[in-house]
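Structure first, commentary second.
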Amino acid sequence: MATPENSFMKSLFYGQIREEFVFPYPKVKTDTAETVNMIIDSIDKFGKDIVKASEWDEAAAMPREVIDQMAAMGLTGIGVPEEHGGLGLPQSGYARVMQQVASLDGSLAVTLGAHQSIGYKALLLFGSDEQKKRFLPRLASGELIAAFCLTEPSSGSDAASIQTRAELSSDGKHYILTGNKLWITNGEIAKFFTVFAKTIVVENGEKKEKVTCFAVEGPTDGITFGAREHKLGIRASWTNAVHFDKVKVPVENIIGGVGYGFKVAMGILNHGRLGLAAGCVGVAKNAIKASVEHANEREQFKKKIGEFGMIKEKISRMVMNNYVAESMVYMTTHLIDRGDMDYSMESAAAKVFCSEMLWEAVDENIQIWGGNGYMKEYPYERWLRDARINRIFEGTNEILRAFVALSGMQGPGQELAGLAKAIQHPLKGLGVVSDYAVRKVKQNVFGETITKSHPRLKKLAASLEEYTVELSQQVEVLLKRHGKEIHLKQFAQKRIADIAIDLYAMFCTLSRVTQVIEEKGQENGEMEIAIAEAFFIHANKRIASNFKSMDRNEDELMKLIAEKTYEKGGYPFDVFKS
Ligand code: MYA
């Protein structure tokens, strides 16, 4: 059964709709909105006066003082509590600020995001009072710039496989840290490193290697940096390898406890992924504005190109998907702000949806601008290059899809395994069997109902009710068919993840548009209602197709093609060679 601790998305995998989790759509507190709007105004002014995105991109560098200027505006301590010298904004306010910074420049957003979305987030989430007092004021003021050191040459998606090691010194006062971290944003400018390393822990008398998180203050003996990396996009941000060679780290600098580093890393990334998702919304808004400007100005065949259906279709799709993306971001940040314990799937879903939404938006913007869009004279090709990384960093969209599917199926999988055992021991298992059977029958006959959406959106709610039940049924089929092997079935994982991400996106949109109708009335919410209806049509088609392809698909053929291609070392055909 979905337990009270289960998150909204986890419950969907049981066929349960916990509508109290996502209704009503969160409202920003007036005082937070006022503060955030003031900050946004100052960011826009900073953008006009200081930011030279195209120049920085060309030079693959921004002046170091830009960070000091952002620090002077308080932007290096957005989420740090006021008592430690920060602005003390909640996660939703933080996301809105990151959205605005990203709209100025990708490199700037990544520099600031790496500093606080992930760089010193471990302190905020898991740091002791002493650690917070020692580091946060200097991090919030920008005196210390932070970097997040997880990735290594042989450890990217498989975060648990890191090779960096930390050994306790003989006097028990320090750890000696050695290892190489790769592609570290802010590397060479950072003075505070959140470093993940393997340490020995003893569990039940047995020695094991487990990940531990360390706060490392630099500069200090043993820390060196690789040359600055040249990149496709976000070129003005600092990216370096960071090498740790027998660096002495006091035991007081362990964050979250010895052996708990993996949980710390994941907890940080659950926040970081939302900062990234919010940034995507900010850039997509720019792309929409630029596209609209061109659609209204450019004439071809004696008409503004915006009058043509194919341009309208592009612009409406960009607006629709950005609205949905924004709805997901601010729903999920609200889950954090109200103190939910688990939002890992929701955050991963928002990261995947928003980064793909942005990629499509910057690509379509170039298409609308035609030849001009491709020219360096305009910022649009840079937006495209800058946007590309979002589908890769903070967890590739592939690994996050696998995470969404497997995390969602974990609970039902355990329940089914328990049920199978109970059936083998019928006397012990009677209660379990009947509970399970009753729930299934109820679910199949009655489904789950949504009571909190606006009656005008009844049809939309009905499709969600239907697909939620179907998701849980499909999950059960897959688990019975594959058991633990489901971990290896990535074609199926992708379909399940895409369905779950679409469902979450739809719930967030349904909730937001319900609120719009309740507050503004149907006439004034005409555009939002159209967005919701259009998005549901798009998403329903995708979901239906994903369900259908679960059993009838070309997976075996695709595997064969891939395997043959590996064998041949690439594309093996040439019409001019027999
Ligand atoms: S930083 C580098 C980013 N790297 C990654 O994101 C690594 C991706 N890999 C993973 O996330 C993990 O290794 C995976 C786990 C998921 C693959 N929350 O057996 P497991 C629990 C809570 O599945 P593995 C960068 O790019 C799980 O339930 N818990 O583990 C920065 C289980 O718990 P239990 C989680 O198979 C760039 C346990 O962990 C989570 O090894 C700079 C083990 O799980 C989770 N999420 O693989 C960015 N995941 O044992 C700056 C797992 O209790 C950006 N668990 O069952 C700034 C923004 C700029 C905006 C710009 C806009 C234009």
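The values are calculated or read from the model by the stated rules, or taken from the named source; none is laboratory data. Everything quoted here is computed from the prediction, not taken from an experiment. Methodologically, a virtual Cβ is constructed for each residue, glycine included, from the backbone with ideal geometry; neighbour enumeration extends over all protein chains shown.
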Spot the failing condition for residue 253; the list is (1) within 16 Å of the ligand (Cβ to nearest atom); (2) on the phi < 0 side of the Ramachandran plot, and only one is missed.
(1)
Residue pairs meeting the criteria (Cβ under 9 Å; at least 6 apart or on separate chains; first assigned by TED's automatic domain parsing to the domain that holds residue 193, in the range 258-270; second more than 6 Å from the ligand (Cβ to nearest atom) and modelled with pLDDT under 95):
259/203
By residue number, the members of the range 152-198 that are within 14 Å of the ligand (Cβ to nearest atom), in contact with a Phe, Trp or Tyr (Cβ under 9 Å, 6 or more places away or on another chain), hydroxyl-bearing (Ser, Thr, Tyr) and not in a strand (DSSP E or B) are 164
For the range 136-181, what are the residues that are within 27 Å of the chain's Cα centre (by Cα) and β-branched (Val, Ile, Thr)?
145, 151, 162, 164
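Within the range 529-575, count every residue that is touching a Ser or Thr at 6+ places or on another chain (Cβ under 9 Å) and in contact (Cβ under 8 Å) with a residue 60 or more places away in the chain.
The initial filter retains those residues of the range 529-575 that are touching a Ser or Thr at 6+ places or on another chain (Cβ under 9 Å), namely 530-532, 534-536, 539-540, 543, 555, 571-572.
After this cut, where a residue has to be in contact (Cβ under 8 Å) with a residue 60 or more places away in the chain as well, the list is 531-532, 534-536, 540, 543, 555.
Final tally of qualifying residues: 8.
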Evaluate the range 317-327: report whether one residue or more is surrounded by fewer than 18 Cβ atoms within 10 Å (Cβ to Cβ) and either among the polar types (S, T, N, Q) or modelled with pLDDT under 95 (or both).
no
Only one of these conditions is not met by residue 296: (1) in contact (Cβ under 8 Å) with a residue 12 or more places away in the chain; (2) in a helix (DSSP H, G or I); (3) away from the ligand (no atom under 16 Å from the Cβ). Which number is it?
(1)
Can you pull out every residue in the range 297-356 that is at positive phi and not basic (Lys, Arg)?
301, 339
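What do you reckon, is residue 123 aliphatic (A, V, I, L, M), modelled with pLDDT of 95 or more and more than 13 Å from the ligand (Cβ to nearest atom)?
Numbers: aliphatic (A, V, I, L, M): yes; modelled with pLDDT of 95 or more: yes; more than 13 Å from the ligand (Cβ to nearest atom): yes.
Yes.
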Please work out which residue is farthest from the ligand (Cβ to nearest atom), limiting yourself to the range 129-151 and to residues that are under 15 Å from residue 264 (Cβ atoms) and assigned to a strand (DSSP E or B).
146
Where residues in the range 374-413 are within 10 Å of the ligand (Cβ to nearest atom) and within 18 Å of residue 10 (Cα to Cα), which of them is nearest to the chain's Cα centre (by Cα)?
400
Looking only at residues that are over 24 Å from residue 61 (Cα atoms) and among the polar types (S, T, N, Q) in the range 212-226, which one is surrounded by the fewest Cβ atoms within 10 Å (Cβ to Cβ)?
220
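Pick out, from the range 34-114, the helices (runs of 4 or more DSSP H) lying fully within it that include 2 or more residues that are in contact (Cβ under 8 Å) with a residue 60 or more places away in the chain, among the small types (Gly, Ala, Ser) and within 24 Å of residue 331 (Cα to Cα). Reasoning before the result, please.
On the way: elements: 53-59, 65-72, 91-104, 106-113.
Ranges flagged: 91-104, 106-113.
Can you find a residue in the range 356-373 that is within 15 Å of the ligand (Cβ to nearest atom), within 27 Å of residue 160 (Cα to Cα) and either buried (at least 17 other Cβ atoms within 10 Å of the Cβ) or touching a residue at least 60 places away in the same chain (Cβ under 8 Å) (or both)?
Scanning the range 356-373 turns up at least one residue that is within 15 Å of the ligand (Cβ to nearest atom), within 27 Å of residue 160 (Cα to Cα) and either buried (at least 17 other Cβ atoms within 10 Å of the Cβ) or touching a residue at least 60 places away in the same chain (Cβ under 8 Å) (or both).
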Is it the case that some residue within the range 88-107 is surrounded by fewer than 22 Cβ atoms within 10 Å (Cβ to Cβ), outside the structural domain of residue 248 (by TED's automatic domain parsing) and more than 16 Å from the ligand (Cβ to nearest atom)?
yes
Working carefully through the options 203, 252, 229, find the one that is in contact with a Ser or Thr (Cβ under 6 Å, 6 or more places away or on another chain) and surrounded by fewer than 23 Cβ atoms within 10 Å (Cβ to Cβ).
229
Candidate set from the range 340-355 (those that are among the hydroxyl-bearing types (Ser, Thr, Tyr) and either touching a Pro at 6+ places or on another chain (Cβ under 7 Å) or more than 16 Å from residue 391 (Cα to Cα) (or both)); member that is farthest from the ligand (Cβ to nearest atom)
343
Filtered residue count, the range 299-335, keeping only those that are touching a residue at least 40 places away in the same chain (Cβ under 8 Å), more than 16 Å from residue 501 (Cα to Cα) and of a type in the set (D, E, K, R):
2
Starting from residues that are farther than 24 Å from residue 93 by Cβ and of a type in the set (D, E, K, R), keep the ones in the range 261-293 and report whichever is farthest from the ligand (Cβ to nearest atom).
293
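Can you confirm whether residue 494 is under 29 Å from residue 399 (Cα atoms), more than 22 Å from the chain's Cα centre (by Cα) and either of a type outside the set (A, V, I, L, M) or modelled with pLDDT under 95 (or both)? Quick ask: steps written out before the conclusion?
On the way: under 29 Å from residue 399 (Cα atoms): yes; more than 22 Å from the chain's Cα centre (by Cα): no; either of a type outside the set (A, V, I, L, M) or modelled with pLDDT under 95 (or both): yes.
Spelling it out, it is not the case that residue 494 is under 29 Å from residue 399 (Cα atoms), more than 22 Å from the chain's Cα centre (by Cα) and either of a type outside the set (A, V, I, L, M) or modelled with pLDDT under 95 (or both).
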